[in-house]
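The values are calculated or read from the model by the stated rules, or taken from the named source; none is laboratory data. Keep in mind it's a predicted model, so treat the numbers as computed, not measured. Cβ: placed from backbone, ideal geometry, glycine included. Neighbour counts: every protein chain shown. The accessibility values were calculated without ligands, DNA or RNA, using every heavy atom of the protein model including side chains. Shrake-Rupley method; radii C 1.70, N 1.55, O 1.52, S 1.80 Å.
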Amino acid sequence: MAIQTRFRVTAAVGALIAPMALVATASAPADAGTSKHKHEVYMYKVEKNIRLSGVGSDSSADSGSQILQCDSGDSVLDGMWSVKHVDQYQPPQPDPDEDPDFPSAPTLHGVYDDERDVWVQASYPVHFEGPSDFRSWQFNLENKAWGDAQVKLFLTCIRGYTEYTNSHRHQVVVRDLFGGAYQMDDQGGWYGSEPQIQPWGSCRSDEYFVAPGFDVHSTNWRLRGTYPRQSGRSWGWSFISDGTPFPASVNIDVYGRCISRRVVDGPTPKHSLGMVGLPSWDYASWYQSDIVLGDPVEKQYTCDQQNGALHAYKAMVAWFWLDTHWDQNWYLGMEPRPKTRAFTFWNHAGSNAKVRYGTLCVNSRTSFPLP
Ligand SMILES: [Zn+2]
């Protein structure tokens, strides 16, 4: 059963200051000084716990194919998983009673038998109910470990309209940018020995990229990074093989949408959705941390940790990049909290591994001027 949790609004109106990214964008003179009212922007998360069976048959376990949905008429902005635990299981060698579920060959189970053996083949926005459905998200996961895996799935959602103020409200507009129907070798670039996908196509200057998703059609690859490009108007992904060489022609589908920074409908002038990523979208400016060798480590990015004016913003879309020692460092997932995104990494390298991460933050009130 999926449950929803509303992101608590803690805005103090007097303290709402337009972020630098929006101040820097000149407003049209006709809009200036009007539209003083604000609308609340309703954002929430959806979450679901699943149990993926370990090696062997288990009819009571959950399917690795899951669809989560925001409320009807709303838009999903991000989908994510978090591998919480994999049960320990030490099979005898060899199997003494010829259990038919006992894998006889090492290729039938994973190589780690821990949280690293939960492989995510796909996580992407899907038009499950038809073209006007912007609320659904597809996950495909496989647990290759001996023991059962506990995994949590999450969506972040934004309501289809702002709340009412002065007897009117405005629509929040999300549209498709690209998605799934083509081979990446035809559409984007590949770099290095690991696929690094940077598709063509970007959102307009008055939009931001949201709902980044992928389907690698394989459970032998893991995510090295998912990250914004082109000042937050497009996206890139990178994957790591489990040791199996990548085939010459790889079919990876990627998905993404654009959210308008202007709300529409209702009386003019319009308002904008307050959104901000980073002072600079350049990779080098992303927040970074060292991950020490040992147990899984949680790292958090909070919208106002680098800019106190963003205290009413919610972390709606997140990114990360496994930097140095990436080959021995694992991303186990992330979790949305009201204005924080919590990432979990697990470093198996002999020395500190570096990671970089950040979020797109959305104001819980509309703002002005227009982008
Ligand atoms: Zn209004």
(request) Go through the stretch 326-371 and tell me which strands (runs of 3 or more DSSP E), entirely inside it, have 3 or more residues that are among the small types (Gly, Ala, Ser). (result) 353-367
(request) Would you tally the residues in the stretch 137-174 being closer than 26 Å to Asp206 by Cβ and within 17 Å of the chain's Cα centre (by Cα)? (result) 6
(message) Can you tell me which of (1) touching a His at 6+ places or on another chain (Cβ under 7 Å); (2) at pLDDT below 95 is the one Asp148 doesn't meet?
(response) (1)
(request) For the stretch 109-140, enumerate the residues that are in contact (Cβ under 8 Å) with a residue 40 or more places away in the chain and charged (D, E, K, R). (result) Glu115, Arg116, Arg135
(message) Take the residues in the stretch 251-276 that are within 16 Å of the ligand (Cβ to nearest atom) and open to solvent by less than 30 Å² (accessible area, probe 1.4 Å); name whichever of them is modelled with the highest pLDDT.
(response) Ser260
(request) Being outside any strand (DSSP E or B), open to solvent by 10 Å² or more (accessible area, probe 1.4 Å) and within 12 Å of the ligand (Cβ to nearest atom) is the filter here, so list the residues in the stretch 147-176 that pass it. (result) Glu163, Tyr164, Asn166, Ser167, Arg169
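Mind listing whichever residues of the stretch 35-56 are over 24 Å from the mean Cα position of the chain (by Cα), more than 16 Å from the ligand (Cβ to nearest atom) and not hydrophobic (A, V, I, L, M, F, W, C)?
Passing the criteria: Ser53, Gly54, Gly56.
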(request) Pull up the stretch 177-207, narrow it to residues that are modelled with pLDDT of 85 or more and open to solvent by 10 Å² or more (accessible area, probe 1.4 Å), then point me to the one that is farthest from Arg233 (Cα to Cα). (result) Phe178
(request) Could you list all residues from the stretch 351-369 that are of a type in the set (Gly, Ala, Ser), surrounded by 20 or more Cβ atoms within 10 Å (Cβ to Cβ) and in contact with a Leu (Cβ under 8 Å, 6 or more places away or on another chain)? (result) Ala353, Gly358, Ser367
(request) Starting from residues that are of a type outside the set (Gly, Ala, Ser) and modelled with pLDDT under 85, keep the ones in the stretch 221-250 and report whichever is least open to solvent (accessible area, probe 1.4 Å). (result) Val250
